[in-house]
Amino acid sequence: MLIGAAVAAVVMVTLGALFSGQHGPTAFDQSVFDAVHTHVPYWALRLMKAPTNPILLIAVLAVVALVAFAKRRFDLAVLAAAGPGLSVALSSLALKPLFGRRYYDTYLAYPSGHTTALTATIFVLLVAVATLGRTALTVAAFGAAAVVLACAVIGLVGLRYHYMTDTIGGFCVAGATVALVASVLDSSSTKHTHRDQQGRGVHSMK
């Protein structure tokens, strides 16, 4: 997990350095936009972008956190709050001003906050599904997540919210941050379990 986080961080920083201060699309960005704009109707783009709605994402994360608390999975509840929260804060408050890439001459665009928020939420959901231990359900969840994320990216690009490379950066920010938070929580949980087992062992010897 930490290796994946490191790779995502390297990709995000590399792209940010390449596009730092730019006010226009790369040739790749323009080609993606042209393809989307040509083949996807406006009404479909609006539907595709819908999963990036902040209210929807907050509601989904709140449900995950509440269910996790009910099942005494406090690590998952913390992940549902800290993972996306830190991802969005890092993207919007630190990385956008740092790289200074703008969508043409308007707002700061890299990395995409929309993509960061959606990807972080999806990763939390995938972790929650994986804890159920049902392989078929986990595979189906990964497939559905890929479709939702791909559609959202198409919507963001086609509706002129972001360049394609902005969305790649947003994906990497979320992936690195959520993976790091999950690793820290997993390590903390493992140490806590180990201490409990040692405590029970000492108690049984008395």
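The values are calculated or read from the model by the stated rules, or taken from the named source; none is laboratory data. In this text the structure is predicted, and so the values were computed from the model without any measurement. Here the Cβ is made from the backbone with ideal geometry for all residues, glycine too, and neighbour counts use every protein chain on show. Remember, those area values only see protein heavy atoms, side chains included, never the ligands or the DNA or RNA. Shrake-Rupley method; radii C 1.70, N 1.55, O 1.52, S 1.80 Å.
Details
- Residue match in the stretch 74-91 (condition: at pLDDT below 95, outside any helix (DSSP H, G or I) and either on the phi > 0 side of the Ramachandran plot or open to solvent by 60 Å² or more (accessible area, probe 1.4 Å) (or both)): no
- Residues of the stretch 7-35 classified as in contact (Cβ under 8 Å) with a residue 12 or more places away in the chain, surrounded by 13 or more Cβ atoms within 10 Å (Cβ to Cβ) and part of a helix (DSSP H, G or I), total: 10
- The residues of the stretch 68-107 that are within 25 Å of residue 186 (Cβ to Cβ) and either more than 20 Å from the chain's Cα centre (by Cα) or aromatic (Phe, Trp, Tyr) (or both), listed by number, are 69, 70, 71, 72, 73, 74.
- Check on residue 182, in a helix (DSSP H, G or I), more than 30 Å from residue 102 (Cβ to Cβ) and modelled with pLDDT under 95: yes
- Residue 169 of a type in the set (Gly, Ala, Ser), at pLDDT 95 or above, in contact with a Gly (Cβ under 7 Å, 6 or more places away or on another chain) and in a helix (DSSP H, G or I): yes
- Residue that is most open to solvent (accessible area, probe 1.4 Å) [pool: residues in the stretch 101-141 that are more than 23 Å from residue 54 (Cα to Cα) and in contact with a Ser or Thr (Cβ under 8 Å, 6 or more places away or on another chain)]: 132
- Tallying residues that are of a type in the set (A, V, I, L, M, F, W, C), surrounded by 13 or more Cβ atoms within 10 Å (Cβ to Cβ) and assigned to a helix (DSSP H, G or I) within the stretch 37-46 yields 2.
- Residue match in the stretch 56-69 (condition: surrounded by 16 or more Cβ atoms within 10 Å (Cβ to Cβ) and not in a helix (DSSP H, G or I)): no
- For the stretch 142-152, filtered to residues that are in contact (Cβ under 8 Å) with a residue 12 or more places away in the chain and open to solvent by less than 80 Å² (accessible area, probe 1.4 Å), the residue that is nearest to residue 72 (Cα to Cα) is 145.
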